[in-house]
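Everything on this sheet refers to the single structure shown next.
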Amino acid sequence: MTIQDTELLLQFRNPETKERAFTAIIRKYQEKLYWHIRRMVVEHEDANDVLQNVFIRVWNGLENFREDSQLYTWLYRIATNECLSYLEQQKRKSALPLDETESGLSNKVIADKYFDPNKLEWKLQLAIQQLPEKQRIVFTLRYYDEMPYEEMSRVLDTSEGALKASYHHAVKKIEDYILNH
Amino acid sequence: MNVKNDILEELRPVSELVATISRETPYRVADDYFTDLANRVLLRIKTQHKPLAFNVPDGYFEGFAEGMLARIKAGAGLGTSAGSGPGFEPMKALPETVDQELSGLSPLLAQLRSKETYRMPEGYFEEVSPILAVAKELNPYTVPEEYFHQLPVGIEEKLEQPQEEKKPAKVVAFGRRTRLWQYSAAAVVAGLILTIGWLRLHVPGSHGTSPTVPVSLAKVSDQDLQNFLANTHAENDTPVDQSAANIAALDFNDGDIKSLLGEIPDGELKQYMDEHGGAVDIATN
């Protein structure tokens, strides 16, 4: 854990400096968490809701944080779980089968104001939405957030070997999708 | 977002194509979104921990119970402030009678209420039934003297007394009826078992069940037995029974035995006697 995070945690446990420390934590991790969430739920409004829920959970649970892992790992874990819960809720609300829910996410990508089907980075986003949930998380955490497998295994409770295999499969599927679309 | 070469180097052997794609996320977010995010989250957290929207005056519930009891003990103390406590306000008095209430709402209706619309001819009850005319004025039920006078006092006394512990109501088990059914069912089953067992074990003519049969047979004459067997033979047509009847029907006498044994050589008969000694009186040729 970085010294700065330890210092922030100490400040958070002091009622007088609690809010100031919390604000600092938000400012430090807000963008990373936002983009992690945004890539998972696609729409900004959804990402905003999920991100705020994540920080509310952090506020409620940070005093009990045991510090046996890095704060950033813990935050990513909360964010990932919150994303999965949100997507699960969406599935239940729409009562659509799993594959149709994934195509629902693709539709959200297409509905983005800046969507350009000719640009490769947008095709990549469409390809990511075709992936199974777990592979999607692994790919975005590795490809965009450059998270080491060791950290990722703590976030996702999965072995490093399984994560490497998931990442490999995900890359291959994305390549196939881009070549065929 | 910084692009680090090690991720791309790792990706290149897996997919050259994916490694060439820009890692810039194409999604966009409002420029000032992150500026105020921390304050918005904190505001939301504070809103969630905000106390309830409805408030009661401080100390409202202190003395509330006592105030209510005092009001009840005061009898028809509606509209009076018998209670105590900071928030204990007197309830609005209800009208004492229906007439008063109606007068407040509509004086016209209150006036009309006293006037009976329907009338009956004078002396109607006397004409229909003199008994009814008299009975109309009589009430067969009575109350103890001074009952209504003492009623409010009695209720107040009861309110002042500490509440006695109520005896728990007697619980009548539904199982009683069920038990009768259970006993009946058990009796029927036991009876069936005994009947079937007796029928299976007490086969007529089996050993031990009819010890008197040989004794009784000794008293029956040969002629009767012969007649019985002849009849049985006529009724039974199974081969086993038929042969048994035939054997039983043979009437052997000494002459027959002699003629039967006459054809057997003496040597063989002697040998038979030597092997099966005891039959001393068997006649020989």
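Every number in this text was worked out from the coordinates using simple rules, so none of it is lab data. Predicted, not measured: the structure shown is a model, and the values here were computed from it. In this analysis, Cβ positions are derived from the backbone assuming ideal geometry, glycine residues included, and neighbour counts consider all displayed protein chains.
Points to keep in mind about this one:
- Identity of the residue in region B:34-48, within 8 Å of chain A (Cβ to nearest Cβ) and not basic (K, R), that ends up farthest from A:I56 (Cα to Cα): B:F34
- Residue within region A:122-144 that is surrounded by fewer than 16 Cβ atoms within 10 Å (Cβ to Cβ), under 19 Å from the mean Cα position of the chain (by Cα) and within 13 Å of another protein chain (Cβ to nearest Cβ) present: no
- When restricted to residues that are surrounded by fewer than 18 Cβ atoms within 10 Å (Cβ to Cβ) and not in a loop (DSSP other than H, G, I, E, B), region A:10-20 contains 6.
- Among all positions in region A:78-94, there is at least one residue which is touching a residue at least 60 places away in the same chain (Cβ under 8 Å), under 20 Å from A:E146 (Cα atoms) and away from chain B (no Cβ under 12 Å).
- Test: residue in region A:29-42 that is over 13 Å from the mean Cα position of the chain (by Cα) and in a helix (DSSP H, G or I): no
- Evaluated against (1) in contact (Cβ under 8 Å) with a residue 12 or more places away in the chain; (2) within 11 Å of another protein chain (Cβ to nearest Cβ); (3) touching a helix residue (DSSP H, G or I) at 6+ places or on another chain (Cβ under 6 Å), A:D116 falls short on exactly one condition, (1).
- In region A:23-33, residue farthest from B:A30 (Cα to Cα) [restricted to those that are crowded, with 18+ Cβ neighbours inside 10 Å and facing chain B (nearest Cβ under 7 Å)]: A:I26
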